[in-house]
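Remarks on the structure that follows.
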Amino acid sequence: MPNTNNILACDVRDYYTGGGKDMAREFDFNVFWPPSPKVEGYRTWGAEKHPVCEDPQFVFTNKPWDRTWRDYDLKPSSPALKLGFKPIPMEKIGLRTNEFPFDLGVIERRGATRKIQAEDNDRVYHARNYGGSYVHHIEAGGWTKYENIDFGTQAPARIVAGMDYFQGQPEKLGQITSVPGLPLEPASPANAAAAGVAMELRLDSVEGKVIGTFHHGQTAAKAQIPVTGIHNIYLAFPRESVQSVNWFRFE
């Protein structure tokens, strides 16, 4: 079957493997990004007589922490559209929320005072989930997102967490407060890292208000703002200080 009018936003080194020259002749009118010298090499096989090595121009209008940020809509000037690429009608695929006779959020909500497993996140960025155990391989600027956390009507006084730090710090429980001179909202990753901040809990976005701040070696934090109702919570890591996070909860 001809393999044409595709967008390959990846390394193309394995694109033609397995089928040899006969299969390669079925490939043409594809957009490659980033450009690869291998595309020109495949022309000797009779493949890709009309390749385009240009940015496909995805829209990406939403922020990275938005679930829909990779919607892959194309700008009108996209070279893929000029080649005949036909976008998939994503609005016609999957479940439609207006067809449900109940609130899906009721099923998905989690109580803030219950232990929330760190690996049970809805999105993870520059970190890794390890099975049903914890989040690790946390890089500077990484974060995890937890949707539909229900705080009820009473704001928590503090946050506790099961976590390990680098440099052999054992888990320990203690109260901490904010560092004098450190802006709470917005708190830039650079300022937070300089002040020794290991993890922040933020409200509704990675750039949202800071609920609590964990400094290196600490596993409890004073709640810095009152929070009630239902929110999305982010664990944000301004520097590579936390080795792993097992769980957290609000008290």
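Key figures for this structure:
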read-out: Within the range 196-219, tally of residues that are part of a strand (DSSP E or B), in contact with a Gly (Cβ under 9 Å, 6 or more places away or on another chain) and more than 16 Å from Tyr146 (Cβ to Cβ); value: 2
read-out: Hey, Ala118 at pLDDT below 90 and surrounded by 14 or more Cβ atoms within 10 Å (Cβ to Cβ) or not; value: no
read-out: Residues of the range 59-109 classified as surrounded by 12 or more Cβ atoms within 10 Å (Cβ to Cβ), modelled with pLDDT under 80 and among the aromatic types (Phe, Trp, Tyr), total; value: 4
read-out: Qualifying residues in the range 198-229 (those that are touching a Lys or Arg at 6+ places or on another chain (Cβ under 9 Å), β-branched (Val, Ile, Thr) and more than 27 Å from Gly131 (Cα to Cα)) - the one surrounded by the most Cβ atoms within 10 Å (Cβ to Cβ); value: Ile211
read-out: Within the range 230-249, considering residues that are small (Gly, Ala, Ser) and part of a strand (DSSP E or B), the one surrounded by the most Cβ atoms within 10 Å (Cβ to Cβ); value: Ala236
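The values are calculated or read from the model by the stated rules, or taken from the named source; none is laboratory data. Being a predicted model, the structure only gives us computed values, none of them experimental. Because the Cβ atoms are built from the backbone with ideal geometry, glycine has one as well, and the counts that use them run over all protein chains shown.
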